[in-house]
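Chemist: I have a structure here, written as structure tokens, and I will follow up with some questions on it.
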Amino acid sequence: MANFGTGTSECKISRSQSTRIRIMGVIERLKDASFRSLRRAIRLWSRALVQGAEELHLPVESSVLYALPHRSLLDLLVFDIACEQAGMPMPRSPCTTPTLEERRSFFFLQRPEGRLFKRPAMRSYSERLLRVQTHLEHHPGEDIEVIPVSVFWSRAPGRERSFLRLLISENWTATGRLKRILSLLFNRHALLIQFGRPVSMRQLVDEQLPSNRTTRKLARLLRTHFRRRRTAVLGPDLSHRRTLVDSIVRSAALAQSIETEMERTGEKREKVVRRARGYAKEIASHVSFRVVRFFDVLLTFLWNRLYDGVRVHNLERVVEEAERASLIYVPCHRSHVDYLLLSYVLYQHGVALPQIAAGINLNIPLVGPLLRRAGGFFMRRSFRDNPLYSAVFNEYLFALFSKGYSVEYFLEGGRSRTGRLLPPRGGMLAMTLHSFLRGGTRPISFVPVNISYEKVIEARSYLSELRGHSKEKESLFGLLRSFKTLRQSFGTVYVNIGEPLDLGEFLDSIRPDWTFGDPRPPWLNDAVTRLGRTLAERVNAAAVVNPVCLVALAMLCTQRQAIDEESLGRFLELLLRLGREGANPASLQFEQRNPQEIIRYVESIGIIQREAHPLGDLLCVDGVNAILLTWYRNNIAHVYAYPSLIACFFVGHRRLTLEHLHQLCDTVYPHLRSELFLPWEPHELRQVTEQWVRTLVDCSMLEPEGDGYRASPRYSNDYAQLAMLSRITMQTLERFYIVVALLTSRPNQSLGRDEFEQWCYLTAQRMSRLHEIDAPEFFDRTLISKFIDGLGERNLIRENSQQKLVWDERLTEIIDEADRIIDPAFRETVMRGRVSIEGAKQEAPPEKPQASTPLHQYVD
């Protein structure tokens, strides 16, 4: 009986266990079926942007363990779809090593509590994670990589008044089931999934810490990664605009400025505070996710209608910098499209939107409020005479930096009408340095951005202004008239991210003794000047040599803007080869198509015209387009400026020793670098010169001869290309020649600075007409003044006690060298047909620009 009873009991237990196993199996199959059904529905309904998978290069059979920040079925569903699309190991597949097989390949770092609105909680670590860690501790030869995965639902950069939008926007709290479901329904195209860099569990285990400390260290690394990713994607946790304005008005720094303003104007405190609050409201942005999403949809439509595509280079630099620092984007400014384009690119690639500094001239009806809600903050063109406004603006910038916002402003202050990068304005840079030196901000990193257009929307208005007409003021009517451009195609737009510049490291390099706490040190102005020049050089070093700019450069190197197709193809091939093989910065991007494809493309969009001829077709440019082509040429002229300078010397001298070439380059390069923001330091110049000479030799334009080099034989195709290359820089050298020739033609100490600048300007203007130089920068007052400043810095000229210019005898040696390079007809016109100094005196010179805010006739 006993045996029978025992057998019956064992049979019942076995039957019960079997039932439970069958039930669990049914449940698992139901779960899998439900998961597959939901996955199929979500895949059809939503679309996610996946980032970081390409950099991992993980085969499907890799031993990985994915880490998600919060427990969420919807996160897991969209993440599972992303893994399949990226060809990566699936999270619901087993995580295996030679001696381990875990059922799944993922774990959740935290388990939020609550039914509808979740609160982050971390009561215990994932059992799967603990099992894997214990296994690795006992199996030294095995490793599993933990890959952090971030899932963002509806990236909202600010607060919302709409309750529904507030519910479904991603923010700095754990997102619950209801939020995710609503976001999936209403923002199905706003999902972002990012794969982080793998963390080797073997490396952590090999540190031989106690087991619980190893687990805590891994969890800490993951939490830090997730926090940095959220900062990079969402930006800092934003305050309401009213709260931000109140904090600015009540700040201790502004209180002192209010007291000073009361003493200066005699107004009561309430009135001054009310005025300061009005300034803060006039300045501050008011970010709205509804407007951001509106712009996302609108701009997607516009870019598809206007452009053939937007090509982005080196964006990974932004992603890396955003995790550790507040970013300040400093793009070149060539079009009003710049304001929208960079933000659109960043948003589309999952990077937090910057706060954009915009001129108050854009705060017009309809446009102004939309820009403000898309992240724009407005600033007046000048507030030198309004110290209270200046104090409020400084405090607003400090509030942005201290809270970790990214900011965007234009170095040049306004759009370039010539296509060249304009001299940097020091105002915003000075305020940035001032805020940083006060302390209390995150690290600040500048991100240079070069934006290149194949056809700029404002081309016709630029042409009108370059012909002397006044700039048209921005207005709603002007905006409505611009809608007719929707019927046109403007080619491709290129956005290239330059090498970031850490502000702290920059200060270490120029002032090793700098410290926080002194916002206005005596060396601030010098630091601003050097910072502006360094950033301008990095913007230019990130240029994109697109097809239109390349053909514009080539066509304007011809004598009459006409050339046969074969010769144009050879010169384009030369320019591409110089770009790829020369001593150029690594950030430069060059066209990948061959010369024939480039010519056909540029001809198809109407930049050049073809003329049939029995001896072969000619490619030419009409008179109107010739002026416009200078704008496109100037986008990339700096890329070829230095090899063009070397070509000028060999065209003029025919043969040069290497030492003589170095002397010539040392004389001209500082002025060329100052004007075109070239990247090489003086101590690098000899090495760079020799590298460019070797490249020109490889291209058969120069030939070694004894201790130097000589130009290729005259009348050969190689010499023709050398001559065309020299014309890129020749107009700049001719402007330099005008200044030096006029100065040395007068007795020493006979000219004042202002009257001499006016004389040079009028002569350059006259020469541009007589020699058909269709380049508005040829007689630019600012460039002339900058060259004269450069002569002073090299001690070639100075002002005596009577404010008269005293020039050094070394200038006569420069003139002698120039006689070998500058065209004789040009020199003769300068020396014999120049404007008399008396004629120059009759026309009053313009007001001299302030050093901190250089005047430029082609700036907004």
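Chemist: Given the structure, is Ser750 small (Gly, Ala, Ser) and at pLDDT 90 or above? Even if it seems obvious, please write down each step before you answer.
Modeler: Working: small (Gly, Ala, Ser): yes; at pLDDT 90 or above: no.
It is false that Ser750 is small (Gly, Ala, Ser) and at pLDDT 90 or above.
Chemist: Something else: Is it true that Arg324 is among the charged types (D, E, K, R) and either assigned to a helix (DSSP H, G or I) or over 29 Å from Pro198 (Cβ atoms) (or both)?
Modeler: Working: among the charged types (D, E, K, R): yes; either assigned to a helix (DSSP H, G or I) or over 29 Å from Pro198 (Cβ atoms) (or both): no.
It is false that Arg324 is among the charged types (D, E, K, R) and either assigned to a helix (DSSP H, G or I) or over 29 Å from Pro198 (Cβ atoms) (or both).
Chemist: Here are some conditions: (1) crowded, with 20+ Cβ neighbours inside 10 Å; (2) modelled with pLDDT under 90; (3) of a type outside the set (Ser, Thr, Tyr); (4) in contact with an Asp or Glu (Cβ under 6 Å, 6 or more places away or on another chain). Ile451 meets all but one. Which one does it not meet?
Modeler: (2)
Chemist: Can you go through Val319, Val312, Val330 and tell me which one is open to solvent by 20 Å² or more (accessible area, probe 1.4 Å), of a type in the set (A, V, I, L, M, F, W, C), assigned to a strand (DSSP E or B) and touching a residue at least 12 places away in the same chain (Cβ under 8 Å)?
Modeler: Values: Val319 fails: assigned to a strand (DSSP E or B); Val330 fails: open to solvent by 20 Å² or more (accessible area, probe 1.4 Å).
Going through Val319, Val312, Val330 in turn, just one is open to solvent by 20 Å² or more (accessible area, probe 1.4 Å), of a type in the set (A, V, I, L, M, F, W, C), assigned to a strand (DSSP E or B) and touching a residue at least 12 places away in the same chain (Cβ under 8 Å): Val312.
Chemist: Since Tyr409 meets every condition but one in (1) open to solvent by 10 Å² or more (accessible area, probe 1.4 Å); (2) closer than 20 Å to Arg334 by Cβ, which condition does it not meet?
Modeler: (1)
Chemist: Report whether or not Ala542 is under 20 Å from Phe410 (Cα atoms) and open to solvent by less than 30 Å² (accessible area, probe 1.4 Å). I'd like the intermediate steps shown before the answer.
Modeler: Values: under 20 Å from Phe410 (Cα atoms): yes; open to solvent by less than 30 Å² (accessible area, probe 1.4 Å): yes.
When the stated conditions are applied, Ala542 passes them.
Chemist: If you don't mind, another one. Among what's in the range 296-308 and is open to solvent by 60 Å² or more (accessible area, probe 1.4 Å) and in contact (Cβ under 8 Å) with a residue 40 or more places away in the chain, pick the residue that is farthest from the chain's Cα centre (by Cα).
Modeler: Ranking the candidates gives Arg305 first.
Chemist: Continuing with the same structure: What number of residues within the range 243-257 are assigned to a helix (DSSP H, G or I) and open to solvent by less than 20 Å² (accessible area, probe 1.4 Å)?
Modeler: To start, the set of residues in the range 243-257 that are assigned to a helix (DSSP H, G or I) comprises 243-249, 252-257.
Filter once more, so that each one left must be open to solvent by less than 20 Å² (accessible area, probe 1.4 Å): 244-245, 248-249, 254.
Within the range 243-257, residues that are assigned to a helix (DSSP H, G or I) and open to solvent by less than 20 Å² (accessible area, probe 1.4 Å) number 5.
Chemist: For the range 782-804, give me each residue that is in a helix (DSSP H, G or I) and either modelled with pLDDT under 90 or among the hydroxyl-bearing types (Ser, Thr, Tyr) (or both). Quick ask: steps written out before the conclusion?
Modeler: Residues of the range 782-804 that are in a helix (DSSP H, G or I), as a first pass: 782-793.
Once the filter is applied, which keeps residues that are in a helix (DSSP H, G or I) and either modelled with pLDDT under 90 or among the hydroxyl-bearing types (Ser, Thr, Tyr) (or both), the range 782-804 yields Thr782, Ser785.
Chemist: In the range 756-764, is there at least one residue being modelled with pLDDT under 90 and in contact with a Pro (Cβ under 8 Å, 6 or more places away or on another chain)?
Modeler: Within the range 756-764, none of the residues are modelled with pLDDT under 90 and in contact with a Pro (Cβ under 8 Å, 6 or more places away or on another chain).
Chemist: Find all pairs meeting these conditions: Cβ atoms under 8 angstrom apart; at least six residues apart or on different chains; first residue within the range 420-444 and in contact (Cβ under 8 Å) with a residue 40 or more places away in the chain; second residue open to solvent by 10 Å² or more (accessible area, probe 1.4 Å) and among the basic types (Lys, Arg).
Modeler: Short answer, once both residue conditions are applied: Pro423/Lys786; Pro424/Arg533; His434/Arg520; Leu437/Arg520; Pro443/Arg324.
Chemist: Would you mind stating whether Arg293 is over 23 Å from Tyr409 (Cβ atoms), open to solvent by less than 50 Å² (accessible area, probe 1.4 Å) and of a type outside the set (S, T, N, Q)? Talk me through it step by step, then tell me what you get.
Modeler: Values: over 23 Å from Tyr409 (Cβ atoms): yes; open to solvent by less than 50 Å² (accessible area, probe 1.4 Å): yes; of a type outside the set (S, T, N, Q): yes.
Taking the combined requirement at face value, the residue satisfies it.
Chemist: Please find, within the range 822-834, the residue that is modelled with the highest pLDDT out of those that are open to solvent by less than 30 Å² (accessible area, probe 1.4 Å) and among the β-branched types (Val, Ile, Thr).
Modeler: Per the stated criteria, the residue is Ile822.
Chemist: I would also like to ask the following. Given Glu261, Glu282, Glu267, which one is assigned to a loop (DSSP other than H, G, I, E, B) and either out of contact with any Cys (no Cβ under 9 Å at 6 or more places or on another chain) or surrounded by fewer than 20 Cβ atoms within 10 Å (Cβ to Cβ) (or both)?
Modeler: Glu267
Chemist: When both residues are 6+ apart or on different chains and their Cβ atoms are under 6 Å apart, which pairs have a first residue that lies in the range 588-612 and is more than 19 Å from Leu576 (Cβ to Cβ), and a second that is open to solvent by 40 Å² or more (accessible area, probe 1.4 Å) and assigned to a loop (DSSP other than H, G, I, E, B)?
Modeler: Close Cβ pairs (under 6 Å, with a partner that is open to solvent by 40 Å² or more (accessible area, probe 1.4 Å) and assigned to a loop (DSSP other than H, G, I, E, B)) amount to Arg610/Asp617.
Chemist: Got at least one residue in the range 133-156 being at pLDDT below 60, part of a loop (DSSP other than H, G, I, E, B) and within 35 Å of the chain's Cα centre (by Cα)? Give the steps one after another, and end with the answer.
Modeler: We begin by selecting, within the range 133-156, every residue at pLDDT below 60; these are 155-156.
Narrowing the set further to residues that are part of a loop (DSSP other than H, G, I, E, B) leaves 156.
Within this subset, residues satisfying the condition of being within 35 Å of the chain's Cα centre (by Cα) are 156.
Yes: the range 133-156 contains one or more residues that are at pLDDT below 60, part of a loop (DSSP other than H, G, I, E, B) and within 35 Å of the chain's Cα centre (by Cα).
Chemist: Here is a follow-up. Would you call Arg746 open to solvent by 40 Å² or more (accessible area, probe 1.4 Å), in contact with a His (Cβ under 9 Å, 6 or more places away or on another chain) and not polar (S, T, N, Q)? First the steps, then the outcome.
Modeler: On the way: open to solvent by 40 Å² or more (accessible area, probe 1.4 Å): yes; in contact with a His (Cβ under 9 Å, 6 or more places away or on another chain): no; not polar (S, T, N, Q): yes.
No: the conditions fail for Arg746.
Chemist: The conditions are (1) surrounded by fewer than 19 Cβ atoms within 10 Å (Cβ to Cβ); (2) in a helix (DSSP H, G or I); (3) within 12 Å of the chain's Cα centre (by Cα), and Asn361 fails exactly one of them. Which is it?
Modeler: Evaluating Asn361 over (1) surrounded by fewer than 19 Cβ atoms within 10 Å (Cβ to Cβ); (2) in a helix (DSSP H, G or I); (3) within 12 Å of the chain's Cα centre (by Cα) leaves (3) as the failure.
Chemist: Separate question: In the range 749-760, how many are surrounded by 20 or more Cβ atoms within 10 Å (Cβ to Cβ) and touching a residue at least 40 places away in the same chain (Cβ under 8 Å)?
Modeler: Of the range 749-760, the ones surrounded by 20 or more Cβ atoms within 10 Å (Cβ to Cβ) are 751, 756-760.
Checking which are touching a residue at least 40 places away in the same chain (Cβ under 8 Å) leaves us with 751, 756-759.
Looking only at that region, the number is 5.
Chemist: Before we move on, is Arg425 open to solvent by 30 Å² or more (accessible area, probe 1.4 Å) and under 21 Å from the mean Cα position of the chain (by Cα)? Break it down into steps so the answer makes sense when it comes.
Modeler: On the way: open to solvent by 30 Å² or more (accessible area, probe 1.4 Å): yes; under 21 Å from the mean Cα position of the chain (by Cα): yes.
For Arg425, the condition - open to solvent by 30 Å² or more (accessible area, probe 1.4 Å) and under 21 Å from the mean Cα position of the chain (by Cα) - is met.
Chemist: Do we find a residue being assigned to a helix (DSSP H, G or I), surrounded by fewer than 18 Cβ atoms within 10 Å (Cβ to Cβ) and of a type in the set (A, V, I, L, M, F, W, C) anywhere in the range 503-519? So that I can check it myself, show each step before the final result.
Modeler: First pass over the range 503-519, keeping only residues assigned to a helix (DSSP H, G or I): 503-510.
Still in the running and surrounded by fewer than 18 Cβ atoms within 10 Å (Cβ to Cβ): 504-505, 508-510.
With of a type in the set (A, V, I, L, M, F, W, C) added as a condition, the list becomes 510.
The answer is yes, given that some residue of the range 503-519 is assigned to a helix (DSSP H, G or I), surrounded by fewer than 18 Cβ atoms within 10 Å (Cβ to Cβ) and of a type in the set (A, V, I, L, M, F, W, C).
Chemist: Right, something else. I need every pair where a residue in the range 710-721 that is closer than 17 Å to Cys557 by Cα has its Cβ under 7 Å from the Cβ of a residue that is at pLDDT 90 or above and part of a helix (DSSP H, G or I), sequence separation at least 6 or different chains.
Modeler: Asn717/Arg570; Gln721/Arg570; Gln721/Phe571; Gln721/Leu574
Chemist: Please give the number of the condition Lys471 fails out of (1) modelled with pLDDT of 90 or more; (2) in contact with an Asp or Glu (Cβ under 6 Å, 6 or more places away or on another chain).
Modeler: Only one criterion in (1) modelled with pLDDT of 90 or more; (2) in contact with an Asp or Glu (Cβ under 6 Å, 6 or more places away or on another chain) is unmet by Lys471, namely (1).
Chemist: So which residues in the range 341-358 are part of a helix (DSSP H, G or I) and open to solvent by less than 50 Å² (accessible area, probe 1.4 Å)?
Modeler: Applying the first criterion (part of a helix (DSSP H, G or I)) to the range 341-358 yields 341-348.
Hits for the range 341-358 are Leu341, Leu342, Ser343, Tyr344, Val345, Leu346, Tyr347.
Chemist: Which count do you get for residues in the range 267-290 that are over 23 Å from Tyr409 (Cβ atoms) and without any contact (Cβ under 8 Å) to a residue 12 or more places away in the chain?
Modeler: Final tally of qualifying residues: 6.
The values are calculated or read from the model by the stated rules, or taken from the named source; none is laboratory data. Nothing here was measured: the structure is a model prediction, and the numbers come from that model. In this analysis, Cβ positions are derived from the backbone assuming ideal geometry, glycine residues included, and neighbour counts consider all displayed protein chains. Accessible surface is based on the protein model in full, side chains and every heavy atom, while ligands, DNA and RNA are left aside. Shrake-Rupley method; radii C 1.70, N 1.55, O 1.52, S 1.80 Å.
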